[in-house]
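Remarks on the structure that follows.
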Amino acid sequence: IFFRHHVCISHQIFRLLMRAVRKHAFSKFRFLVVFIAVIGVLLCAVVWSLRAAPVTGIVLPATASQIANEQALPSESQDSDHGTAPALGAVDSMQDVCEQCNLAGKCLAGGQCSCLQGWTGPTCGVLDLVPGTAQPAFHKASRAGVTTWGASAAQAPTGEWYLFASRMVHGCGILTWSSNSEIVQATAPDVMGPYTIVKTLMPSFSHGPHLVRAPNGSYILFHIGAGDGISGVPAEACAEGSTIRPFKRPHAKKVAPGEVPSGDFWIGMAVAEALTGPWRRYGPLLGLRDGALEDMITNPSVAILPNGTALLYYRTTHRERKRTQRHIGVAVADHWAGPYRRLSRVPLFEALAEDPYVWQTGGVFHMLVHDSSSAGYSNPQKYAGKHAFSRDGLHWTVSPDVPYSATVALANGTLVLYARRERPELVVIAGRPAALITAISAQPWTRRDHGFTMVQQLR
């Protein structure tokens, strides 16, 4: 029996044994061969049935109340059949911001908008980005031919900035993200970087880090992937941060309600009292379900409300008319530790989008997403991002304004046109956006799938 990556190739061994049986006429030997073959098949079946077992080192969920005692976390509960909205509790709403100004500005007489910090434009629907440099946040790493793809950052009490980013192992490009991505920790004296990678926080496969501060002061790093150290694309297929040879992309597996999601496409988290760690990993919090309109769950973003309720937003992918459709889904929990349940089996809004980032300011909600429509992919220099806003976190309005694009203005007055700009994440200070973190690809992936992470300051 040969076992690797949850695959048992027992039929090859069986064929070899049968050849031996035909060569030897002794009944005892034949009986022994058949007995060994049967035992092998049974062992193969046992290993196959255990392929969904949790990865060693990850704490399986238990009950929600135990997280307060630093014990195990709760498992995912059943989906909500009717999409019942949770009791969100009282929030301090910004009464003077209005939908006309995308909830990012105050409405003035004559239909004018007075934009809040970080926003600009006639209706306050555009991020007020400061012209910067064409350098990525990881200067040395990018020059060395390493692909990174988005990050989440926070400032420690000491003043040092910590950034958690997705990095591709084996010198591969972003096309290998679903097997070769790992999460690294980097530091810098300033939010703009450059950041120095200090360690690998979670080995491959792990992706899409999203850092949240819990009400008790703990740091929660939501992510996807088991982080079991298995990477599907070897170094021979990659060079200088790009994928140079064809490879087979791994796929997720749906499971029936009540089962633990298998594979790597589930949402987990790591918890620490300080940004330096140590980090305790928990999961899965949310995985694929049979009957749901989902083929993949990635890119978590969590908003924790004043009453403790947590809203978990994520990218959901499904096939429709032979095309991949990307939407935003939402799950809810009474506590950020879970258990989480889906509020609906349909997307949060109709617009095609992925990579959600959600934050609250003054009791209202904002969301940045990557525009995954045909316009967003065909003309990213104009339509890379989308902005949505909400007063309750459940009912969203997608703004017609484009908050950011793949066209980056430099301090010297020139413009750089990138092929892709995805994975938006903000550095939010006192409820106001201070910097935009995005994943950048300079060339179309059909030519070179190298990527890097950029931090651009906001006014």
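Just so it is clear, none of the values below were taken in a lab; they were calculated from the coordinates. Here the structure is a predicted model, which is why all the values come from computation and not from measurement. Here the Cβ is made from the backbone with ideal geometry for all residues, glycine too, and neighbour counts use every protein chain on show.
Label-to-label distance for Arg459 and Glu160 is 3.4 nm, based on points extended 7 Å past Cα in the beta-carbon direction. Using the Cβ-Cβ distance between Ala434 and Thr133 with R0 set to 22 Å, the FRET efficiency works out to roughly 0.80.
Quarter the surface of the alpha carbon convex hull of segment 316-435 and you get the mean projected area, 9.2 square nanometres. Taking other Cβ atoms within 10 Å as a rough exposure proxy, Cys107, Cys101 sort from fewest to most as Cys107, Cys101.
Please find the FRET efficiency linking Ser218 to Thr397, where r is the Cβ-Cβ separation and R0 is fixed at 41 Å, and quote it to the nearest 0.05.
0.80
When Trp149, Trp445 are sorted by how many other C-beta atoms sit within 10 angstrom of their C-beta, beginning with the fewest, the order is Trp445, Trp149. Full extension of the segment from Val198 to Ile244, taken as 0.36 nm per residue of separation minus the current Cα-Cα distance, would add 13.8 nm. Approximating the spin labels as points 7 Å out from Cα along Cα→Cβ, the Ala235-to-Ala409 distance works out to 4.4 nm.
Karplus-based coupling profile of segment 169-182, in residue order and whole Hz: 7, 6, x, 8, x, 5, 4, 9, 4, 6, 9, 9, 7, 10, with θ = phi - 60° in 6.51 cos²θ - 1.76 cosθ + 1.60 and x standing for Gly or Pro.
One decimal place: the segment Tyr377-Gln325 gains 17.5 nm when fully extended, by the rule 0.36 nm per residue minus the C-alpha distance.
Computed 3J(HN,Hα) for segment 226-237, one whole-Hz value per residue from the Karplus formula 6.51 cos²θ - 1.76 cosθ + 1.60 where θ = phi - 60°, is 7, x, 8, x, 8, 10, x, 9, x, 5, 5, 8, glycine and proline marked x. In terms of surrounding Cβ atoms within a 10 Å radius of their Cβ, His450, His223, His395 rank from fewest to most as His395, His450, His223. On the beta carbon distance between Leu417 and Thr276, with R0 = 30 Å, the FRET formula returns roughly 0.20. Derived scalar couplings between HN and Hα for segment 202-210 equal 9, x, 5, 8, 8, 7, x, x, 9 Hz in order, rounded to whole Hz, by the Karplus curve 6.51 cos²θ - 1.76 cosθ + 1.60 (θ = phi - 60°), x for Gly and Pro. Annotation: amide H of Ala353 within the under-5 Å range of Arg326, His327, Ile328, Ser372, sequence separation 5 or more or interchain, hydrogens built in the peptide plane.
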